[in-house]
Amino acid sequence: MTELTQLLLRRIAKTGPISIADYMADCLLHPRHGYYATRDPFGATGDFTTAPEISQMFGEMIGLWLAQVWIDQGRPAPFTLAEIGPGRGTLMADILRVARAVPGFAEAARVHLVEASATLRTVQRRTLGDQPVTWADTVADLPQAPLFLVANEFFDALPIRQFQRDPAGWREVLVAEKDGALSFGLSAPAPLASLAHRLDDTRPGDLVEMCPAAAPITTEIADRIAQQGGAALFIDYGGWHSLGDTLQALKAHQPVDPLTHCGEADLTAHVDFEALAQAAKAVRVAPMTPQGVFLERLGITARAQALARNLGGAALESHISAHRRLTHADEMGTLFQTLALVPHDAPMPPGFAE
Ligand code: SAH
């Protein structure tokens, strides 16, 4: 049993069962025992691999996307180039490298990283070398300036709550204690105003998830883009509507029980893009688009072919497999979705279509 499991059991014994959101928050970000607070979880030797760690092409496409929306809006200078949940800093490094080819972009960009983990801030510093960077704890701490922002696999790491539909309302799925171990339980049923809109599309027994932190973060970003210009690109696994249990724990690239390995496994849930879109009323929301389609429209295949010309043997094999992983429907191509926010009067951003 991990030290964090013992802390959680003591807390539950004292104050009663806790929500999955409280559980996730401690497992991921507890200052001493939290998953992100204590390690660099990425890559072959870690627990999971993200798109920017698979191939430089991912960050290159996103860098060109950001540069194009910046040009479409009249090249505002200076502007905030922000990433939330930057992991190792690989995506931002690739964005900055490719954007150097776009006159004026790098000079006008002020790079800000929103990162909760002190350990990962150190890794990001190392990855970005001499590049001037400012770290922020939250999106609200970003400076007031045109905001061009990207978030890859950020929203899936935010704590969720789960509710099971019941004839008498909703029962919340809680983390409780049973026989000395953590165990899922259900609260008494109660009506819930924030889930009133899900009464039409669910039946008793169905489970829905809600991510309390996602909407306020999205609204903060949307309001800034509406007022000062800019754009946001969200990439994550999930779908338009949350239905069913998607809480998952990964350790060493294998799924594990989400209630064991507290603080030692990554915990995520699928992102409800409809909830993000609804929180972005102040801006134009480009329609949710599968990652594979988005990357193809941006020209990832032409880029892959250009890079392939200088490769051979195992390096070429691995390059081809990286392109497939990022775009193919059986891999990340449709599991991952993209959503973009731009001001109401801005053109449709590249990679999206009506
Ligand atoms: N975007 C990166 C990493 C994704 S993992 C990539 O694609 O490789 C999730 C990232 O979000 C980590 O950097 C984690 O420390 C950070 N994070 C998780 N919760 C956060 C929060 N509430 N505020 C800021 N950063 C957070």
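The values are calculated or read from the model by the stated rules, or taken from the named source; none is laboratory data. Owing to the predicted nature of the structure, the values given are computational and were not obtained by experimental measurement. In this analysis, Cβ positions are derived from the backbone assuming ideal geometry, glycine residues included, and neighbour counts consider all displayed protein chains.
Of note:
- Count - residues of the stretch 263-277 that are in a strand (DSSP E or B), of a type in the set (D, E, K, R) and within 21 Å of Ala176 (Cα to Cα): 1
- Residue in the stretch 297-312 that is among the β-branched types (Val, Ile, Thr) and within 27 Å of Pro347 (Cβ to Cβ) present: yes
- Checked against the criterion of being surrounded by fewer than 16 Cβ atoms within 10 Å (Cβ to Cβ), of a type in the set (A, V, I, L, M, F, W, C) and in contact with a Lys or Arg (Cβ under 9 Å, 6 or more places away or on another chain), the candidates Ala188, Ala181, Ala193 yield just one match: Ala188.
- Flag not set for Val173, criterion: within 16 Å of the ligand (Cβ to nearest atom) and not basic (Lys, Arg).
- Residue satisfying all of: in the stretch 140-164; out of contact with any helix residue (DSSP H, G or I) (no Cβ under 8 Å at 6 or more places or on another chain) and part of a strand (DSSP E or B); nearest to the ligand (Cβ to nearest atom) among these: Ala151
- Meets criteria (touching a Ser or Thr at 6+ places or on another chain (Cβ under 6 Å) and in contact (Cβ under 8 Å) with a residue 60 or more places away in the chain) for Glu209: yes
- Taking the numbered list (1) buried (at least 17 other Cβ atoms within 10 Å of the Cβ); (2) touching a helix residue (DSSP H, G or I) at 6+ places or on another chain (Cβ under 6 Å) in turn, Ala77 passes all entries but (1).
Each row is one residue, and each column tells you yes or no for (1) surrounded by fewer than 23 Cβ atoms within 10 Å (Cβ to Cβ); (2) within 18 Å of the chain's Cα centre (by Cα).
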| site | (1), (2) |
| --- | --- |
| Ile225 | no, no |
| Leu233 | no, yes |
| His241 | yes, yes |
| Gly244 | yes, no |
| Leu247 | yes, yes |
| Ala252 | yes, no |
| Val256 | yes, no |
| Thr260 | yes, no |
| Gly263 | no, no |
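- If the condition is being part of a loop (DSSP other than H, G, I, E, B) and under 25 Å from Ala215 (Cα atoms), then the stretch 241-262 contributes His241, Ser242, Leu243, Gly244, Asp245, Thr246, Leu247, Pro258.
- For the residues Ala99, Ala67, Ala118, the requirement of being under 19 Å from Gly229 (Cβ atoms) and modelled with pLDDT under 95 singles out Ala99.
- Residue ranges of helices (runs of 4 or more DSSP H) in the stretch 1-87 with at least 2 members more than 21 Å from the chain's Cα centre (by Cα) and closer than 28 Å to Gly351 by Cβ: 56-72
- Residue ID - nearest to the chain's Cα centre (by Cα), chosen from residues in the stretch 288-317 that are in a helix (DSSP H, G or I) and exposed (fewer than 13 other Cβ atoms within 10 Å of the Cβ): Ala302
- Single residue of Asp223, Asp200 found to be within 30 Å of Pro146 (Cα to Cα) and of a type in the set (Asp, Glu): Asp223
- Looking only at the stretch 23-53, and only at residues there that are among the aromatic types (Phe, Trp, Tyr) and near the ligand (Cβ under 9 Å from one of its atoms), the one that is surrounded by the fewest Cβ atoms within 10 Å (Cβ to Cβ): Phe48
- Among the candidates Ala106, Ala101, the residue that is without any contact (Cβ under 8 Å) to a residue 60 or more places away in the chain, surrounded by 15 or more Cβ atoms within 10 Å (Cβ to Cβ), of a type outside the set (Val, Ile, Thr) and not in a strand (DSSP E or B) is uniquely Ala106.
One line per residue, one yes/no per condition, for (1) touching a His at 6+ places or on another chain (Cβ under 8 Å); (2) among the β-branched types (Val, Ile, Thr); (3) at negative phi; (4) within 14 Å of the ligand (Cβ to nearest atom):
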{"site": "Asp72", "(1), (2), (3), (4)": "no, no, yes, no"}
{"site": "Leu91", "(1), (2), (3), (4)": "no, no, yes, yes"}
{"site": "Val102", "(1), (2), (3), (4)": "no, yes, yes, no"}
{"site": "Ala116", "(1), (2), (3), (4)": "no, no, yes, yes"}
{"site": "Arg125", "(1), (2), (3), (4)": "no, no, yes, yes"}
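- With respect to being modelled with pLDDT of 95 or more, outside any helix (DSSP H, G or I) and either surrounded by fewer than 15 Cβ atoms within 10 Å (Cβ to Cβ) or within 16 Å of the ligand (Cβ to nearest atom) (or both), Thr134 fits the description.
- Per the conditions (1) more than 16 Å from the ligand (Cβ to nearest atom); (2) more than 25 Å from Asp345 (Cβ to Cβ); (3) in contact with a helix residue (DSSP H, G or I) (Cβ under 8 Å, 6 or more places away or on another chain), the sole criterion not satisfied by Glu264 is (1).
- Among the residues examined, Arg203 does not qualify as closer than 22 Å to Leu91 by Cβ and either part of a loop (DSSP other than H, G, I, E, B) or basic (Lys, Arg) (or both).
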